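Student: Okay, handing you the structure first.
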Amino acid sequence: MSIQFEFLGPLKQLVNGQDIVEIQAATVGEALDNIDGRYPGINQRLLSDEGVLHQHINLFVNEEDIRYGSDLETRLSAGDKVTVISAIAGG
C-alpha cells in the first residue's frame, strides 16, 4: 500500500528537499523506519532515544494528530497522507 509522507519547512532537508516521499507501511512507526532506511538519520531527528516522537515534531495522518490516537502505532491505509511538521516557537 502506498502512503505519502509530506515533509514541511526545514524538515524537507532530511529527505533531500523532496516535498513528498512515497512509502509502503502498515503503521506510522514502520513507515518512519522505512524512510530512515532510505534517508539514514531521519529517525534520530524525529524520535527520542526511547523511540518516542520529539515534542517539537508533529505528525498528522489525514489531518489527525497521531498523539491523540495510537501515536506511532497508528494504522495506515493505501492513499493515506502523513504530514510531518516541526513546531516553531517564538515570542
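The values are calculated or read from the model by the stated rules, or taken from the named source; none is laboratory data. Since the model is a prediction, treat every value here as computed from it, not as a measurement. Heads up, the Cβs are rebuilt from the backbone with ideal geometry, glycines too, and the neighbour counts pull from every protein chain shown. These area figures cover heavy atoms from the full protein model, side chains too; ligands, DNA and RNA do not enter into them. Shrake-Rupley method; radii C 1.70, N 1.55, O 1.52, S 1.80 Å.
Student: For D80, state whether it is among the charged types (D, E, K, R) and open to solvent by 60 Å² or more (accessible area, probe 1.4 Å). Show your work before the answer.
Tutor: Working: among the charged types (D, E, K, R): yes; open to solvent by 60 Å² or more (accessible area, probe 1.4 Å): no.
Against the criterion (among the charged types (D, E, K, R) and open to solvent by 60 Å² or more (accessible area, probe 1.4 Å)), D80 does not qualify.
Student: Go through Q24, Q13 for me and flag whichever is out of contact with any strand residue (DSSP E or B) (no Cβ under 7 Å at 6 or more places or on another chain) and surrounded by fewer than 16 Cβ atoms within 10 Å (Cβ to Cβ).
Tutor: Only one candidate passes the filter, namely Q13.
Student: Spot the failing condition for I88; the list is (1) modelled with pLDDT of 95 or more; (2) in a loop (DSSP other than H, G, I, E, B), and only one is missed.
Tutor: (1)
Student: Return the only residue of I57, I66 being closer than 15 Å to L8 by Cβ and either surrounded by 15 or more Cβ atoms within 10 Å (Cβ to Cβ) or of a type in the set (A, V, I, L, M, F, W, C) (or both). Full working, then the answer.
Tutor: Values: I66 fails: closer than 15 Å to L8 by Cβ.
Among I57, I66, only I57 is closer than 15 Å to L8 by Cβ and either surrounded by 15 or more Cβ atoms within 10 Å (Cβ to Cβ) or of a type in the set (A, V, I, L, M, F, W, C) (or both).
Student: Can you tell me which residue is nearest to I88 (Cα to Cα) among those in region 38-70 that are in a helix (DSSP H, G or I) and of a type in the set (D, E, K, R)? Steps first, answer last, please.
Tutor: Taking region 38-70 as the starting set, the residues that turn out to be in a helix (DSSP H, G or I) are 38, 42-46, 66-68.
If we keep only those that are of a type in the set (D, E, K, R) as well, we get 38, 45, 67.
Details: R38: 26, R45: 15, R67: 18 Å.
Ranking the qualifying residues of region 38-70, first place goes to R45.
Student: Under 17 Å from K81 (Cα atoms), in a strand (DSSP E or B) and open to solvent by less than 30 Å² (accessible area, probe 1.4 Å): does that describe I35? So that I can check it myself, show each step before the final result.
Tutor: Numbers: under 17 Å from K81 (Cα atoms): yes; in a strand (DSSP E or B): no; open to solvent by less than 30 Å² (accessible area, probe 1.4 Å): yes.
So I35 does not fit the description; no.
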